[in-house]
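Each reported figure results from applying straightforward, stated rules to the coordinates on display, with no laboratory input. Keep in mind that what you see is a predicted model, and the values were worked out from it rather than measured. FYI the Cβ positions are ideal-geometry reconstructions off the backbone, even for glycines, and counts take in every protein chain you see.
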Amino acid sequence: MERNRNVPLKSRGARSKRLRQPEALPQHLVLLGAPGVGKGTQGELLSARLGACHLSTGDIFRAATTLNECDRTPAITRALEHMQRGELVPDEIVLGLLTERGNRLCCGAGFILDGFPRTVAQAEALQECLAQHQIPLDVVVSYELPLEKIVARLSGRRICPNCKAVYHLEMHPPKVKGMCDVCGAALYQREDDRPESVRVRMEVYEKSTAPLVEFYRRDDLLVSISAEGTPEEVFMRTMNAFKKRQTVAR
Ligand code: AP5
């Protein structure tokens, strides 16, 4: 459920703590954006910087693919069928997950939700769950990128089945072709990164998830960020937007 955190937390010296105002960076975040825009990559970088838990519903479902058939519940079997076709997993299954694992949202260090919510019904359920636990949602980041660049990111993505590290054939290749830099396992292509599933995922995103941009804009939680450039550039843009938002709020 939690992704690996390869990037160490940066320690800040005592001197800088004395002289500077402490940064009130967001602790409770949602990452929105089309499939392949780079939410998982940014989730990792943000988690390392903010110390918050990176929670990905896609990773939870993918972890279930390693279970033996007889260990899969009927709900998980259905979820995986939808996922392989590039469709959304039905809300009732995703909301069941929220009921089962909602206490993860109480993580003292905060949370970064990646891939959840994905429909208005899920966003409303999240609101309810957070209200019950009296946890505020601080910010919703919407990453944006032209379609042709998204398709290039998806078609070149390769994943490590073991430690879940993410690579890209051209933009972030492994040192040895086809092998994970971290643990040496053979990399694979996600089934839903094949062209026929990618097309379905894009359509589903436009229909079911894109309306969440307006949903969160209405609550003044939305920050739109261009996902162009390197992961580090996108990360810096995101951190600068958080700081700007904090200055405006003062
Ligand atoms: P999920 O795993 O959440 O997939 P997704 O939203 O489609 O997003 P991706 O993981 O494909 O992409 P990403 O935006 O994280 O990009 P990444 O950082 O990897 O969900 C999968 C499926 O599970 C769904 O289709 C659905 O079936 C189901 N599901 C999950 N949650 C659900 C929910 N709440 N409700 C219903 N169903 C649900 O980057 C992509 C590639 O680009 C990588 O190779 C990376 O190295 C590269 N890259 C990233 N950033 C950059 C950059 N700045 N420059 C160059 N390359 C980059």
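Remark: relative contact order (the chain) = 27 percent; criterion is Cα-Cα distance under 8 angstrom and separation of 6 or more residues. When ILE112, ILE135 are arranged by Cβ crowding within 10 Å, least crowded first, meaning fewest neighbours, the order is ILE135, ILE112. Using R0 = 35 Å, the C-beta based FRET efficiency linking CYS106 and ARG199 works out to 0.35.
Stretching LYS243 away from GLU128 to a fully extended chain increases their span by 38.6 nm, per 0.36 nm per residue minus the current alpha-carbon distance.
Ordered by the count of other Cβ atoms within 10 Å of each Cβ, fewest first, HIS172, HIS54, HIS133 give HIS133, HIS172, HIS54.
Summary: within the chain, the longest segment free of GluC sites (Glu not before Pro) located in DSSP loops with at most 16 other C-beta atoms within 10 Å is 88-169. Between the C-alpha center of region 83-154 and that of region 23-66 there is a gap of 9 Å. With the biggest extent put first, the Cα atoms of region 165-246 measure 46, 33, 19 Å across the principal axes. Note on VAL120 and ASN68: the extension gain reaches 15.4 nm, defined as 0.36 nm multiplied by sequence separation minus the Cα-Cα distance.
Quick one: putting +1 on the C-beta of Lys and Arg, -1 on the C-beta of Asp and Glu, what dipole do you get for the chain around its Cα centre, in Debye to the nearest 20?
Rounded to the nearest 20 debye, it is 1320 debye.
Across region 127-205, the relative contact order, built from alpha-carbon pairs under 8 Å that are at least six residues apart, equals 23 percent.
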